[in-house]
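Working notes, beginning with the structure itself.
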Amino acid sequence: MQMRTNCIKVKPLAPASHLAKIAFMSEIVRKPTPMENALRDEGVRLTRQRRVLLQVLADADDHPDANELHRRAHSIDPKVSLATVYRTLSVLEGAGVIDRHAFEGKPARFETADRPHHDHLIDLETGDVVEFRSEKIERLQAEIAAELGYDIVHHRLELYGRRKR
């Protein structure tokens, strides 16, 4: 007795060469960020928890401290530990891809170093950090340095104040 099977021939929606291109393109990984490269260069594994922390850092539009970064990352992935946050921040700071700020003796706060140069005004009552840039201040600093025989390589300006009532 011969068994007969019903076979349906399925015609591919695209030629095989096109399907191969699609498969190849889906394997293309986005370009690593400077923060990811810094971790890899230091031999630090890029775990899911670290990826979450890097995304939190990249998305921050304020100047969070380590505890705040941990809180934000932990809300996304509860496996993110405070030790991972501190270790990762240390490596990133050493590589120069994040800036660490110690405003008026408060806990260190962080921001990515890929932002255009700016200065900070810290509100002493609220702790808010206001970023600003002033061409007048930049020119004056360059003039002062030149008068003293220097070229400015790097600088930070932090102003501390209280809102006028």
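Whether a residue is under 20 Å from Gly43 (Cβ atoms), small (Gly, Ala, Ser) and either surrounded by 13 or more Cβ atoms within 10 Å (Cβ to Cβ) or in the same structural domain as Tyr160 (by TED's automatic domain parsing) (or both) was assessed, and Ala73 does not pass this test. Output the residues belonging to region 71-95 that are within 15 Å of the chain's Cα centre (by Cα) and free of Cβ contacts under 8 Å to residues at least 24 places away in the same chain. The answer is Arg72, Tyr86, Leu89, Ser90, Glu93.
Of everything in region 42-70 that's of a type in the set (D, E, K, R) and under 16 Å from the mean Cα position of the chain (by Cα), which residue is surrounded by the most Cβ atoms within 10 Å (Cβ to Cβ)?
Initially, region 42-70 is screened for residues of a type in the set (D, E, K, R), giving 42, 45, 48, 50-51, 59, 61-62, 65, 68.
Now drop any that are not under 16 Å from the mean Cα position of the chain (by Cα), which leaves 48, 50-51, 59, 61-62, 65, 68.
Numbers: Arg48: 11, Arg50: 22, Arg51: 18, Asp59: 9, Asp61: 7, Asp62: 11, Asp65: 19, Glu68: 17.
Per the stated criteria, the residue is Arg50.
When you go through Glu68, Glu147, Glu125 one by one, which is the residue that is out of contact with any Phe, Trp or Tyr (no Cβ under 7 Å at 6 or more places or on another chain), without any contact (Cβ under 8 Å) to a residue 12 or more places away in the chain and more than 30 Å from Glu36 (Cα to Cα)?
Values: Glu68 fails: more than 30 Å from Glu36 (Cα to Cα); Glu125 fails: without any contact (Cβ under 8 Å) to a residue 12 or more places away in the chain.
Step by step, each of Glu68, Glu147, Glu125 is checked, and only Glu147 is out of contact with any Phe, Trp or Tyr (no Cβ under 7 Å at 6 or more places or on another chain), without any contact (Cβ under 8 Å) to a residue 12 or more places away in the chain and more than 30 Å from Glu36 (Cα to Cα).
Screening the candidates Val97, Val91 for the property of being in contact with an Asp or Glu (Cβ under 6 Å, 6 or more places away or on another chain), aliphatic (A, V, I, L, M) and crowded, with 16+ Cβ neighbours inside 10 Å yields one hit, Val91.
The values are calculated or read from the model by the stated rules, or taken from the named source; none is laboratory data. As the structure is a computational prediction, the values presented were derived from the model and not from experiment. All Cβ positions, glycine included, derive from the backbone under ideal geometry; neighbour counts span all protein chains shown.
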